[in-house]
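Report on the following structure.
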Amino acid sequence: MVGTALEWYDFMIYNTMSALVFGPLFFPTSSPMVGTLMAFSTYAVGYISRPLGGMIFGQMGDRIGRRAVLTITLLLMGICTGLIALLPSYRTAGLAAPAILVLLRFLQGIALGGEWAGAVLLGVEHGSADRRGLNASWAQMGPGAGTLASSAVIASIAALTSGTQFIAWGWRIPFALSGVLAVIGLWLRSGVPETRTFETMRQSGQTLRSPIRHLLRRHGRSLVIAALSRIGPDVLYALLVVFSLTYVTQIVGQSRVVVLTALLVGSAFSLPATIGFALLADWVGVRAVYLGGLLAAVPFACLFFPVVRTGQEAAIIATIAAGLVIHASMYAVQGAFITACFPAEIRYSGSSISYTFGSLAGGGAFAPLIMAALYRSTGSAVALSFYVVVATVITALGLLSARGVAKQE
């Protein structure tokens, strides 16, 4: 969980800064919303490159082992994030500044594309089958812990600096901290052994020369169903942790401290909720818990904007926190569901590719950009709520068609 949390810390500070400061720093324009649209475009780049990372590291994970790949992905993510702290702004370096920012974001996405499946498999393949939900959920706590850490760091810096200081140099501090955290993460991962499942497979000569080719030829339906499971939770998550920053600060007119506090509180609640939902899944079933979360997401999406638009601090914090708990109900069991769709010899490849392509194909990669564009063109939040609802319905249909596919569920 620790390594995954560190990688998500890196990824989330970028997401947060794309909503708060990257617009004026790297994409200056007369319109704040246009600058935000450009900053969200770099957010999308990190998702576009995830499938590439899923294919590269998924293949490696099924051939050379889960543990070795996770060391590489953590190192790559830490280096990229640390370099962002040193980037000059557009005013200093011109077009080179946003170009380098986009490149580093692209490499971040590649690292994260290979990270998730390996982290889940460490828990699943080391643990017992009757605790599959709980074992898979430890890695699922990583994003929540990473979001909590990033929100805490950014909120603290925002509270201790003025708006001018934050934009001038304060935003660099969370990125600089990543270098220290990466060293800690590498040290922790060095003590984790390879999974028993992979060692048995390697010793018996069951590893495949081309896991991806085998996956595409024989497990296409599993790949599609696993990918569909990503769409609804991803779009909801983008609304809560990325677009809400822009909406609350630029549209509602509240300070960034309020929304960062909301993310902090929501992440704190989502961590124990993840464990709770995982334990429930081991009792009533993975799909039952997943479908329950999707059902709860529909009315939440309809109520989110009317409540937040009141501008009341307590209402904003409670609403975003509640949304993150709903997201946790789905994300807690997502790892167990996706990895159960594939046999061991292609499990890293299948899980990585479905996880990353599902987000990309379903719009999760472009969700903040789509939301900003929809609001800019309509001036209403109704279309945004409808977008979230459609995404959750698509995922629900995928889960309902999964009988006979997620055999290890």
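Only the coordinates and a few stated rules stand behind these numbers; no lab work does. These figures come from a predicted structure and were not determined experimentally. Neighbour counts run over all protein chains shown; Cβ positions are idealised from the backbone, glycine included.
Using alpha-carbon pairs under 8 Å, 6+ residues apart, how would you state the relative contact order of the range 71-200 in percent? Here the relative contact order equals 38 percent.
What the Cβ-Cβ distance of Arg218 and Trp187 gives, at R0 = 56 Å and to the nearest 0.05, is a FRET efficiency of 0.90. Can you give me the angle between helix 172-189 and the longest principal axis of the chain, using Cα atoms only, in degrees from 0 to 90, rounded to the nearest 10? That helix lies at roughly 20 degrees to the long axis.
To the nearest ten degrees, helix 256-284 and the longest principal axis of the Cα atoms of the chain are 20 degrees apart. Using C-alpha pairs below 8 Å separated by at least 6 residues, the relative contact order for the chain is 27 percent. Compactness ratio for the chain: Cα radius of gyration over 2.2 N^0.38 Å (N = residue count) comes to 0.93. Among Asp62, Asp130, Asp282, a tally of other beta-carbon atoms within 10 Å of each Cβ gives an order, fewest to most, of Asp130, Asp282, Asp62.
Amide H contacts of Ser401 (H built 1.01 Å from N, in plane; Pro and chain starts excluded): no residue 5 or more places away or on another chain comes under 5 Å. The residues packed around Pro51, meaning those with a beta-carbon under 14 Å from its beta-carbon, carry a net charge of 0 if Lys and Arg are +1 and Asp and Glu are -1. Relative to the first principal axis of the alpha-carbon coordinates of the chain, what is the inclination of helix 50-63, with its axis defined by its Cα atoms, in degrees from 0 to 90 and to the nearest 10? It is inclined by approximately 30 degrees.
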